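Student: Encoded as structure tokens, here's the structure I'll be asking about.
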Amino acid sequence: MGSIRPLTADELYKRCDPDEFTFETTADLEDLKDVLGQERAVASLRFGMGIQHPGYNLFVLGPTGLGKHFTVREFFDRQAATEPVPADWCYINNFADSQKPSTLCLPAGKGAELRDDVAKLVEELRSALPSIFDSEDYRTRKQAVEEEIKERHDKAVEEVRRGAQEKGIGMLRTPTGLVFAPVRKGEVISPEEFEQLPQEDRTRVEEDLAALQQRMQTVMRSFPQWEKEGRDRVKALNREVATLAIAHLMDDLRRKYADLPQAVGYLNALQQDVSGNVDEFLAPPESPLAALISGTSRGGAGQTFFRRYEINLLVDHRSGQGAPVIYEDNPTYQNLVGQAEYSAQLGALVTDFSLIKAGALHRANGGYLILDAYKMLMQPYAWEGLKRALRTSEIRIESVGQMLSLMSTVSLEPEPIPFKVKVILVGERRLYYLLTQLDPDFAALFKVAADFEESVDRNDGNTLLYARRIATFGREEGLVPFDRGAVARIIEHTARVAEDSEKLSTHRRMLTDLLRESDYWARQDSRRVASAEHVQQAIDAQIHRSDRVREHLQEQIQRGTLLIDTEGERVGQVNGLSVLSLGPYSFGHPSRITARVRLGKGEVIDIEREVELGGPIHSKGVLILSGFLGGRYASDQPLSLSASLVFEQSYGGVEGDSASSAELYALLSALAQTPVRQSLAVTGSVNQNGQVQAIGGVNEKIEGFFDVCELKGFAGEHGVLIPASNVRHLMLRRDVVQAAADGRFRIYPVETIDQGIEILTGVPAGERDELGCFPEGTLNHRVEARLMELAEKRATAGAAKPVQVEV
């Protein structure tokens, strides 16, 4: 165990040699058309795009910043350009039931053409029909009908009058209407004269008057029917005249759209409706002031009436070049499935088919729809609306109130539109797994997962591809070329971002930001080619913009506000390492970890957990320590200690198990009463067998302790203990590597707790001999002896009997 050597400078940083490249600058490289390192995801995209069975929609998953949106959009744009342009969709008035608008499906470009043709037709009819109905021929025919009805009226009345005259009774016109009265020699008999007539004559006259009155009432009851017949004949005449007037216009349109049965059917329905509403075309135009005051047109004769003949072009593909690829940035329910808007008239909200607006589902119909999963799930009912459209294969426009049956007012019920779209959801992995687990419909509707990788293997082939990727991004952004040294430095930095010297990060946003900022510093330096110096300047500037908190903590350590020892030895005290993340920036920070032991019942108390500052993973790591102590030192006797562990001066939450090895070192030091070198810091998790396991953020942790040692001065053999399995992840800063090369700072790779405790204390850990005993003087022997002592004291205290005192 004493043979553990510090890592060499070459093991702390895997350099990319610029001489490995044959190009001078990225201007010499070809563009990279393929997606680097995403073979699995690209294969999934191709499969999901090619398979046409229901439910094979895609979920593109991976961390943010990998360029998933860009890759998906570019991929589907290329495919969509080879596919046919989908049809136009229109909503038209349902002349039989205006509350249920009908759909009209036309070839791409025909929707706008038909809409304009119909609008032109209506304008022509509004000017042509009044002229035709003002012609002499029409007035003559209409007058003939009216005179015929009037003649029937007059003839019927005249027959009654003659019948009355034959009976000596006259028919008189009064302001209240026609009345009958007895006459003599052409003069109406006065009441007094009538009373002087013989009773027989008076009775006969009264009977005649009653009969005539009854006959007149019968005739009068026939008048409304005759007038209705007259109006019907006038309407029939109007339809006949209107049909003849618009026939040539309609025939021209029907011939133009003869190969589109839906369009011809609509034109026939329009002609029939125009013929039945000729009066609306003949009414004088309503003044703008009257329309503004009334809010609606008088008798339907104004502009509102003629909206019934408009065509609502919902989706227009006249300028389309292939299938549509739509990305909806704000996927609310209305923006997805569309909506019927309302307008205010006389204080009431009204709507019609012309106020129906398309949603993203309509615009993407026949193509591809890209949605951000998180944004859509944040919008009420948007997810349910999308699933409904995918399940039913139709787009049904309803308000949220209608969908939830919360509205009782009359609203539109537009005819559903057939729906055929490949939906691509883009989101993080946790959303994919949560939806898979919690939504039973998700797995049936999104059968294809395209999982993007965060890194790619660092080898000669991929390194050259990465250089081409840098060249491609640079040309897309209009940046200066990058020389070989700059490319090599970028590759080294991406390995650092990937937290693995044998990998390269595929994080698109990180790379483009670094290229833009390197270009900025090159231009500031009046250089036409960016060098490694400019790349390093960009990296340093990124860190400087974000490291205010790190500098503040370093200052507190230097001034002694935060207690961190980098010299001497202490019992039960170890320098642990943690990583603090502030947005995209992370940095390492040392913390003092202390342990105290006493007689107890085998409890290892995590003070952070007791005060609810420790997370579950950290608590798990502490509980593992009890398993390690019991398994190694107290397998045949009770563990009789009570130990407490704490991060000193920690006032926030503590999570993760990367400090569990440091906590175990502190606990072993306290049990053995053996001091630990404070010039060393520790990171790594531990299992119950005493094996040290890999952790994350190893570079930041080492650099954090290095900065503290540099502030306080390198007075001894400073260094850090890391898990041996983390060696391949090392991509340390240049100053740390140089200090290691100079022997001022050491990084020790350890595999077990025994190896680590030897380095920290300078005391051999010791291994059990054939008799199962640790050699005397070893640290394990001291720990075991201390635990046996505590067990004996606990047994003695338990065996003591209380003294009974009688009172």
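The values are calculated or read from the model by the stated rules, or taken from the named source; none is laboratory data. All figures in this text were calculated on a predicted structure; none of them were measured in a lab. Here the Cβ is made from the backbone with ideal geometry for all residues, glycine too, and neighbour counts use every protein chain on show. Quick note on the areas: whole protein, heavy atoms, side chains included, nothing else; ligands and nucleic acids left out. Shrake-Rupley method; radii C 1.70, N 1.55, O 1.52, S 1.80 Å.
Student: Can you tell me the equivalent ellipsoid semi-axes for the range 441-565? Use √(5λ) from the Cα gyration tensor, largest first, whole Å.
Tutor: Equivalent ellipsoid semi-axes, largest first: 30, 26, 15 Å.
Student: I would also like to ask the following. Would you work out the relative contact order for the chain, in percent, from Cα pairs under 8 angstrom that are 6 or more residues apart? Show your work: numbers first, answer last.
Tutor: Values: 1333 pairs, mean separation 130.7, N = 807.
Relative contact order here is 16 percent.
Student: Under a cut-off of 18 Å between alpha-carbon atoms, report the aspartates and glutamates in cross-link reach of residue 256, not counting same-chain residues fewer than 8 places apart.
Tutor: Filter leaves 88, 113, 116, 117, 124.
Student: Given C-alpha coordinates of the range 23-141, what is the ratio Rg to Rh with the Kirkwood estimate of Rh?
Tutor: On the way: Rg = 27.6 Å, Rh = 20.8 Å.
That ratio equals 1.32.
Student: Can you tell me which lysines have their Cα less than 30 Å from the Cα of residue 155? Leave out same-chain residues fewer than eight positions away.
Tutor: Partners within reach: 142, 167, 185, 228, 235.
Student: Just to be sure I follow the rule: in the range 363-509, considering lysines 8 or more places apart or on different chains, how many pairs have Cα atoms under 15 Å apart? Intermediate results must be reported in sequence, preceding the final value.
Tutor: On the way: 387/420; 387/422; 387/447; 422/447.
Eligible lysine pairs with Cα atoms under 15 Å apart amount to 4.
Student: Now, a different point. Could you tell me the calculated FRET efficiency between residue 268 and residue 220, based on Cβ-Cβ distance and R0 = 56 angstrom, to the nearest 0.05?
Tutor: Values: r = 42 Å, r/R0 = 0.76.
Taking R0 as 56 Å, the efficiency between residue 268 and residue 220 is 0.85.
Student: Same structure again: Taking the Cα centroid of the range 478-523 and of the range 142-181, what is the distance between the two, rounded to the nearest whole Å?
Tutor: Here the answer is 106 Å between Cα centres.
Student: Taking the mean number of other Cβ atoms within 10 Å as a proxy for protection, how do you rank 754-766, 337-349 from highest to lowest? Kindly include the intermediate steps, with their values, before the conclusion.
Tutor: On the way: 754-766: 22.2, 337-349: 14.4.
My ranking of the peptides, most packed first, is 754-766, 337-349.
Student: Straight-line reach only, C-alpha to C-alpha below 26 angstrom: list the lysines that residue 712 could link to, leaving out same-chain residues fewer than 8 apart.
Tutor: 701
Student: If only Cα atoms are counted, what is the Rg of the range 227-277, and what is its Dmax, in Å?
Tutor: So, for the range 227-277, Rg and Dmax equal 13.2, 45 Å respectively.
Student: If you don't mind, there's one more thing I want to ask. Could you rank 250, 49 by how accessible they are, 1.4 Å probe, largest area first?
Tutor: Numbers: 250 0, 49 20 Å².
Sorted by accessible area, descending: 49, 250.
Student: While we're here: Measuring from centroid to centroid over Cα atoms, what is the spacing of the range 19-37 and the range 634-703 in Å?
Tutor: 46 Å
Student: Another question about this same structure. Taking 0.36 nm per residue of sequence separation and subtracting the Cα-Cα distance, how much length would be gained by fully extending the chain between residue 33 and residue 687, in nm to one decimal?
Tutor: Working: separation 654, 0.36 × 654 = 235.44 nm, distance 4.60 nm.
Result for the pair: 230.8 nm of gain on full extension.
Student: May I have the extent of the alpha carbons of the range 407-509 along their three principal axes, as whole Å values ordered from largest to smallest?
Tutor: 71, 35, 23
Student: Taking the chain as the reference, fit the longest principal axis to its C-alpha atoms, fit the long axis of helix 508-524 to the helix C-alpha atoms, and give the angle between the two in degrees, 0 to 90, nearest 10.
Tutor: Between helix and principal axis, roughly 80 degrees.
Student: Let's test the formula: R0 of 51 Å, r as the Cβ-Cβ distance of residue 252 and residue 174. What FRET efficiency results, to the nearest 0.05? Provide the component values of the computation, followed by the final result.
Tutor: On the way: r = 58 Å, r/R0 = 1.15.
Given R0 = 51 Å and the Cβ-Cβ separation, E is 0.30.
Student: Please report the spacing between the Cα centers of the range 768-798 and the range 707-767 in Å, no decimals.
Tutor: Comparing the Cα centres of the range 768-798 and the range 707-767, I get a distance of 30 Å.
Student: Could you rank 392, 82 by how accessible they are, 1.4 Å probe, largest area first?
Tutor: Details: 392 70, 82 105 Å².
These residues rank, largest area first, as 82, 392.
Student: Taking N as the number of residues in the chain, what is its alpha-carbon radius of gyration divided by 2.2 N^0.38 Å?
Tutor: On the way: Rg = 47.1 Å, N = 807, 2.2 N^0.38 = 28.0 Å.
The chain yields a ratio of 1.68.
Student: How far, in nm, would the chain grow between residue 529 and residue 244 when pulled straight, counting 0.36 nm per residue and subtracting the alpha carbon separation?
Tutor: Working: separation 285, 0.36 × 285 = 102.60 nm, distance 7.85 nm.
Gain on stretching residue 529 to residue 244: 94.7 nm.
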